[in-house]
Each structure stands twice: as C-alpha cells, then as structure tokens.
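Notes follow once the structure below has been shown.
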Amino acid sequence: MKFIGNFKEGDRISDIYLCKYKQAAMTKNGKPYENVILQDKTGTIDAKIWEPNSGGIEEFEAMDYVDVVGDVSNFQGALQLSIKRVRRAQEGEYEPQDYLPVSEKDVDEMYGELKQILGTVQNPYLEQLLAMYFENNEAFEKAFKFHSAAKAVHHGFVGGLLEHTLGVVKLCDFYCRQYPDLNRDLLLTAAAFHDIGKMKELSVFPENDYTDDGQLLGHIYMGTELVRASIRRIPNFPKRLSAELCHCILAHHGELEYGSPKKPALIEAVALTMADNTDAKLESFKEIIKGAGDNNGWLGFNRIFDSNVRRTSR
C-alpha cells in the first residue's frame, strides 16, 4: 500500500483509502464537482472529483473505504489528489488499522511520562482528583490513549489528546521552574485536565467528528463540568481551590472570541493559555510542513498563522 505520507507530486495512485469527508460543490462557472478527504494512518489528503458523473466514478459515502485511482498535484503549497476512478471497497480488501492516523510517539511511554510528572503533585485534594483519572481508572486510560485532540488543525490522530496534554504539562512544568510564583500543583492539574472535554466533544475514530454535545456545548464547558462533578466526590475539597482550577480550564483559550467563557484572571490561567497555544501552534506548523512533502518553497497563505508560510532552509 502506498501511504498518503509518502505521496509526491506527479504520483499516480491506485489503492484503498478511508473516505473521511465528501461534499458536492460547484465551480464558479456552475460546474459540479466533489470535495473529498482521504485518510490513512499517515495522514489525510484533499481530493477532488472534477467529473462526478463520468464513467468509473461509482457511488460511495463518507466513512466508506474506497478504491481510488488518481493523480497527485500541488495546489497552493499542499498536495492534492485528482480522482479519476473510484469504487466502494469490500470487507477483506483492506486492513482497518492501516487507516487510522496515529502519533509518531509511543503511547504507553507518553502515558508513563505523564503519570510520572503528575505524581509529583503534592496537594492532597488535587492528588486525589488526578488519581481518579490517571492512576485508578483503566477505562479512562484506554479511551484517553486512543482519543485525538482535534478534528483537524493539530494532534488530530490516535494518541493526539495524550500527546498534546503531555506537551502542555511539560511546558507548564518548565514555566514553574522559571517563575516560582506559579502554583505548580494547580497549574499541572489544570494542564492535565484542560482538554478532557475533548473526549465528549469528538467521537472516536474512525469518525473523529464533532458530537451533538460538542457542537452545542464545547469541550471547555464539558471538561469543566466533568472536573466539578469529580471534585464533589472528594470530601472537604476547598471551594477556592475548586474555583481556581475550574477557572484555569474555562480560560485556557485566552480570549472570549476563541471560545473561552472567561479571560485569564490568575497567573496560572495565563501560563496554561500560553502553554496550550504554544503546543497547538507548533504542532500545527509541523503538520503543515509534513503535509508539504519535499516542497521547500513558499506553501501559500495559511489561515491559522494568517501568513504565507514555508519550512526553514536547511
């Protein structure tokens, strides 16, 4: 199988991929075409069916495995596949594990490192709260390791939520060594839980799409409610500490227009916002560069960075 991560401009592709997305569209001249996103374990690629009613284009839907013939080109700095023929693949023609994007890092090692850092939290109430999830909950551990951190943009792969959470926790741990005024126990606990609501906001793979609650409520609200419900199970958990922890989660996107119900009002909330933004943005840029293949030129305008971008010269 030729994996998407190995595609190069000029390749002729003939293989089976997971159709992650499909939508009919119109060109400016009123000609119908179809937008498609194909996926395997190495990533995704934007694809187009420019002649949807032509021979060789059979019926299929999103989340089908499809046998595709097409040509790889470069469009505005990113690879794109022009589909010439496509059919729905049958069970037995493919191995499902080949189609889930996965972290490049070892999931068990990451989880062990996360537990080791969180194990240094000394506040007895925060220690109990963390243990309810990361130490004594096998079902949570299994789901957390498998979940993504996003539908797209950054860490949108199996193990992505764990990889992102670990990255944020490690940055926060570094901040605490640089800025002793930070409450380390509070900040590390907030970092561990900041995106826990993603497990309810996004469905599991292979869908990895927004749930109804995700669309209506969002991961920040749902994550905060999850933490608050768990806090109520810990006798005598200090009200002020509870409010400070929940505030950090509520404010971790930094701005109201970015989805945070509150703007940061604590130094720990500011630190968490910066750590979350750093890890998300750098991973996003890494994935842009990875998706560009061997292209060392300018990759075109990117809406996340509001700039034309390219990789650093070697």
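The values are calculated or read from the model by the stated rules, or taken from the named source; none is laboratory data. These numbers were taken from a predicted model, which means no experiment stands behind them. No Cβ is skipped: glycine too gets one built from the backbone with ideal geometry, and neighbour counts run over all protein chains shown. When the accessible area is computed, the model is the full protein with side chains, heavy atoms only, and any ligands, DNA or RNA have been set aside. Shrake-Rupley method; radii C 1.70, N 1.55, O 1.52, S 1.80 Å.
Taking R0 as 22 Å, what's the FRET efficiency between ASP212 and GLU61 from their Cβ-Cβ distance, rounded to 0.05? Don't skip to the answer; put the middle values down first.
Values: r = 20 Å, r/R0 = 0.91.
Taking R0 as 22 Å, the efficiency between ASP212 and GLU61 is 0.65.
Provide the net charge surrounding TYR210, with neighbours chosen by a C-beta distance below 14 Å and charges set as Lys +1, Arg +1, Asp -1, Glu -1.
Values: positive: LYS20, LYS151, LYS198, LYS200; negative: GLU201, GLU207, ASP209, ASP212, ASP213.
Charge balance in the 14 Å sphere: -1.
Tell me the mean residue ellipticity at 222 nm calculated for the chain from its helices only (DSSP H runs of n ≥ 4, each -39500 (n - 2.57), averaged over every residue, nearest 500).
My calculation for the chain gives -12000 deg cm²/dmol from helical runs alone.
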- Along region 300-308, Karplus-curve 3J(HN,Hα) (6.51, -1.76, 1.60; θ = phi - 60°) to the nearest Hz, with x for Gly and Pro, reads x, 5, 10, 5, 5, 9, 6, 7, 6
- Query: Tell me, what ³J(HN,Hα) does each residue in region 28-39 have, in order and in whole Hz, if you take phi through Karplus 6.51 cos²θ - 1.76 cosθ + 1.60 with θ = phi - 60° and put x for Gly and Pro?
  - Reply: 4, 8, x, 8, x, 8, 10, 8, 9, 10, 9, 9
- Task: Name the long-range amide H neighbours of THR211: under 5 Å, sequence gap of 5 or more, or other chain; modelled H, no Pro or chain starts.
- Result: LEU202, SER203
- Just tell me which lysines come within less than 22 Å, Cα to Cα, of LYS48; anything on the same chain fewer than 8 places away is out. LYS2, LYS8, LYS20, LYS22, LYS28, LYS31, LYS84, LYS151, LYS290
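Whenever you get a sec, compute what percent of the accessible area on the chain sits on carbon and sulfur atoms (1.4 Å probe).
C and S fraction of accessible area: 49 percent.
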- Item | Residue of ARG233, ARG12, ARG87 that the Gaussian network model of the chain assigns the largest fluctuation, springs spanning Cα pairs under 10 Å | ARG233
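Over region 1-104, what number does the Rg to Rh ratio reach, with both radii from the alpha-carbon atoms and Rh per Kirkwood?
0.95
Of the peptides 141-148, 3-10, 239-246, how do they stack up when ordered by the mean number of other Cβ atoms within 10 Å, highest first?
Numbers: 141-148: 18.2, 3-10: 14.5, 239-246: 16.0.
Averaged packing, sorted descending, gives the order 141-148, 239-246, 3-10.
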- Task: Express the accessible area of the chain per residue in Å², computed with a 1.4 Å probe while the remaining protein chains stay in the model.
- Result: 52
- Over region 234-296: Rg over Rh, Cα atoms, Kirkwood Rh: 1.22
- Taking the chain as the reference, fit the longest principal axis to its C-alpha atoms, fit the long axis of helix 107-118 to the helix C-alpha atoms, and give the angle between the two in degrees, 0 to 90, nearest 10. 20
